[in-house]
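The values are calculated or read from the model by the stated rules, or taken from the named source; none is laboratory data. Every value quoted in this text rests on a predicted model; they were computed, and no experiment measured them. No Cβ is skipped: glycine too gets one built from the backbone with ideal geometry, and neighbour counts run over all protein chains shown. Accessible surface is based on the protein model in full, side chains and every heavy atom, while ligands, DNA and RNA are left aside. Shrake-Rupley method; radii C 1.70, N 1.55, O 1.52, S 1.80 Å.
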Amino acid sequence: MDAMDAKDPKETEPLRVGAAVRRRRRALDLTLAAVAERSGLSVPFLSQIENERARPSMRSLQRVADALETTVGRLIAASDAARTINVVRAPDAAAPAHAVTTRRLVRGHHQLQALEFTGENDAGREFEHRNDELMYVAEGTAEVEAEGRAYRLARGDTLFLSGGVRHRWRATSPDTRILVVTVSDHIDAPADQRR
């Protein structure tokens, strides 16, 4: 069978919302018992949903969504986002050498974001992200100023910045290629990771 003729996996596999339900419950700081009380469903059944051992009916899922102060659509969307597989291809080799570019390496809104910066980038401004960030120099060199200290990075160097660290950076040679990976600002890092 040709891959184009294959059915959409969403049509043939059971609805998997466990991870989305668990994340939403924890975000609201609720126990399974509290969700059970709000929804009228049993704790064991809710546990099975969260652990992907039970497939809720749409009616049960609606009760769970109501108990979690959200919608079925949002739970399903969060579940789909958690299961995303996405390939971002390398840029066309015909692009001019040493061009200044920024390329998103993760499409959509996910917990993890990654950007590739190529060329002599200099945003000319300071950044401060709510969550953690990692910078890896794949080629070339970069200068970073963070919390009043200067760091010179060369090929293969990595710099980690915890959430809340004010910083600015610039690539210092035209052949520079930098990978920046961040935890999205729409995600709250756990309190023990923000210390």
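Below, the figures for the structure above:
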{"read-out": "Inter-centroid distance (Cα atoms) of the range 36-68 relative to the range 117-182, Å", "value": "44 Å"}
{"read-out": "Distant-in-sequence amide H partners of residue 166 (H built 1.01 Å from N, under 5 Å)", "value": "147"}
{"read-out": "Long-range amide H partners of residue 172 with built H, under 5 Å", "value": "141, 142, 143"}
{"read-out": "The range 20-65: trypsin sites (Lys or Arg not before Pro) falling in loop per DSSP and having at most 13 other Cβ within 10 Å", "value": "53"}
{"read-out": "DSSP-loop GluC sites (Glu not before Pro) across the range 127-163, with at most 13 other Cβ within 10 angstrom", "value": "128, 147"}
{"read-out": "Full-stretch length increase - residue 16, residue 104 - with 0.36 nm per residue and alpha-carbon distance subtracted", "value": "28.9 nm"}
{"read-out": "Under 5 Å, built H, 5+ apart or other chain: amide partners of residue 184", "value": "112, 113"}
{"read-out": "Per residue accessible area of the range 134-189, 1.4 Å probe, in Å²", "value": "53 Å²"}
{"read-out": "Contour excess over end-to-end distance, with Cα ends at residue 88 and residue 123 and 0.36 nm allotted per residue", "value": "10.2 nm"}
{"read-out": "In the range 122-157, trypsin sites (Lys or Arg not before Pro) in a DSSP loop with at most 10 other beta-carbon atoms within 10 Å", "value": "125"}
